[in-house]
Amino acid sequence: MRLLIMGPPGAGKGTQAGLIAEHYDIPAISTGDIFRAMKTADTPLAHQVRAIMDSGGYVSDEVTNAIVLERLTEPDCENGFLLDGYPRTLDQVKTLDAALDTKGTRLDAVVSLQADVDEVVVRLLKRAQIEGRSDDNEDTVRIRLREYAEKTAPLLDVYRQQGILVEVDGLGPIDEVSKRLFDALDKAAPAPTA
């Protein structure tokens with residue numbers, strides 16, 4: 001299965017991405033993890049990304065596309081993958097679709113974890129307190145959630161028009177959310193039978 005997971009900060013996306021990857025035996029590919037790994041990698045692309053990140057800049061669509069598309073050529077992605085944190089712009093959506101199209105394939109489903117804003121704020125503030133993140137206060141959390149909603153809505157519309165958007169309630173106990181996700185994915189993109 002070729003999947004993408006989206007959801008606001010605090011909706012449990014990282015947790016569910018790991019469970020989905022394990023359930024379908026596909027790699028979970030997080031752009032955040034890739035960028036963090038590049039902080040110590042010794043490749044020309046890693047040096048370029050590190051310079052951008054060290055200056056506080058935004059890694060361009062062109063560079064991000066190159067990184068993700070290169071990762072998708074690795075052998076563990078042959079039978080599918082789960083992307084987390086990519087695409088984030090309409091240009092990235094178009095690039096990913098075009099790259100998959102050249103291989104005669106496409107995304108099977110895009111999971112959008114839905115979550116009540118007030119519940120997510122409480123969850124993120126609790127996490128910030130546990131992790132000692134003093135910069136995460138209610139105002140900054142609400143700004144991040146608003147930015148996510150504004151920037152993600154156009155992407156969700158594209159996938160809704162393609163008929164592959166699967167919206168799932170992301171709140172509740174982890175195992176209940178996972179069950180809802182697996183049920184929705186099995187209906188939206190049933191595994192091929194032998």
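Looking at segment 168-186, which of its residues are open to solvent by 20 Å² or more (accessible area, probe 1.4 Å) and more than 21 Å from Leu124 (Cβ to Cβ)? Spell out the reasoning first.
So the first thing to find is which residues in segment 168-186 are open to solvent by 20 Å² or more (accessible area, probe 1.4 Å), and the list is 169, 171-176, 179-180, 182-184, 186.
Once the filter is applied, which keeps residues that are open to solvent by 20 Å² or more (accessible area, probe 1.4 Å) and more than 21 Å from Leu124 (Cβ to Cβ), segment 168-186 yields Asp175, Lys179, Arg180, Phe182, Asp183, Ala184, Asp186.
Name every residue in segment 59-90 that is open to solvent by less than 60 Å² (accessible area, probe 1.4 Å) and over 23 Å from Gly18 (Cβ atoms), in order of residue number. So that I can check it myself, show each step before the final result.
Here is the first cut: in segment 59-90, the residues open to solvent by less than 60 Å² (accessible area, probe 1.4 Å) are 59-61, 63-69, 71-72, 77, 80-87, 89.
Selection gives Val59, Ser60, Asp61, Val63, Asn65, Ala66, Thr89.
With the structure loaded, tell me whether Val93 is under 14 Å from the mean Cα position of the chain (by Cα) and crowded, with 18+ Cβ neighbours inside 10 Å or whether it fails that test. Working first, answer last.
Values: under 14 Å from the mean Cα position of the chain (by Cα): yes; crowded, with 18+ Cβ neighbours inside 10 Å: yes.
In short, yes.
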Task: Near pairs, Cβ below 8 angstrom, 6+ apart or cross-chain, from segment 21-40 (among the acidic types (Asp, Glu)) to any residue that is open to solvent by 50 Å² or more (accessible area, probe 1.4 Å) and not in a helix (DSSP H, G or I) - done: Asp25/Asn79
Task: Filtered residues of segment 107-122 (kept if out of contact with any helix residue (DSSP H, G or I) (no Cβ under 7 Å at 6 or more places or on another chain), surrounded by 12 or more Cβ atoms within 10 Å (Cβ to Cβ) and assigned to a helix (DSSP H, G or I)) - done: Glu119, Val122
- [ ] Could you grab me the full set of residues in segment 132-153 that are under 17 Å from Thr89 (Cβ atoms) and open to solvent by less than 50 Å² (accessible area, probe 1.4 Å)?
- [x] Thr152, Ala153
- [ ] Kindly list the number of the only condition in (1) farther than 21 Å from Leu45 by Cα; (2) at pLDDT below 95 that fails for Glu70.
- [x] (1)
TODO: Can you work out which of the residues in segment 96-106 that are touching a Lys or Arg at 6+ places or on another chain (Cβ under 8 Å) and among the charged types (D, E, K, R) is surrounded by the most Cβ atoms within 10 Å (Cβ to Cβ)?
DONE: Asp97
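For segment 147-160, check the following and say yes or no: at least one residue is in contact with a Pro (Cβ under 6 Å, 6 or more places away or on another chain), closer than 29 Å to Ile67 by Cβ and not aliphatic (A, V, I, L, M).
The first filter runs over segment 147-160 and keeps only residues in contact with a Pro (Cβ under 6 Å, 6 or more places away or on another chain), leaving 148.
Going one step further and asking which of them are closer than 29 Å to Ile67 by Cβ, we end up with 148.
Filter again for not aliphatic (A, V, I, L, M), leaving 148.
Within segment 147-160, one or more residues are in contact with a Pro (Cβ under 6 Å, 6 or more places away or on another chain), closer than 29 Å to Ile67 by Cβ and not aliphatic (A, V, I, L, M).
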Open item on the list: Anything in segment 36-58 that is open to solvent by less than 40 Å² (accessible area, probe 1.4 Å) and touching a helix residue (DSSP H, G or I) at 6+ places or on another chain (Cβ under 7 Å)? List them, or say none.
Closed with: Met38, Val49
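The values are calculated or read from the model by the stated rules, or taken from the named source; none is laboratory data. Everything quoted here is computed from the prediction, not taken from an experiment. When we count neighbours, we look across all protein chains shown, and the Cβ atoms used for this are built from the backbone with ideal geometry, even at glycine. Quick note on the areas: whole protein, heavy atoms, side chains included, nothing else; ligands and nucleic acids left out. Shrake-Rupley method; radii C 1.70, N 1.55, O 1.52, S 1.80 Å.
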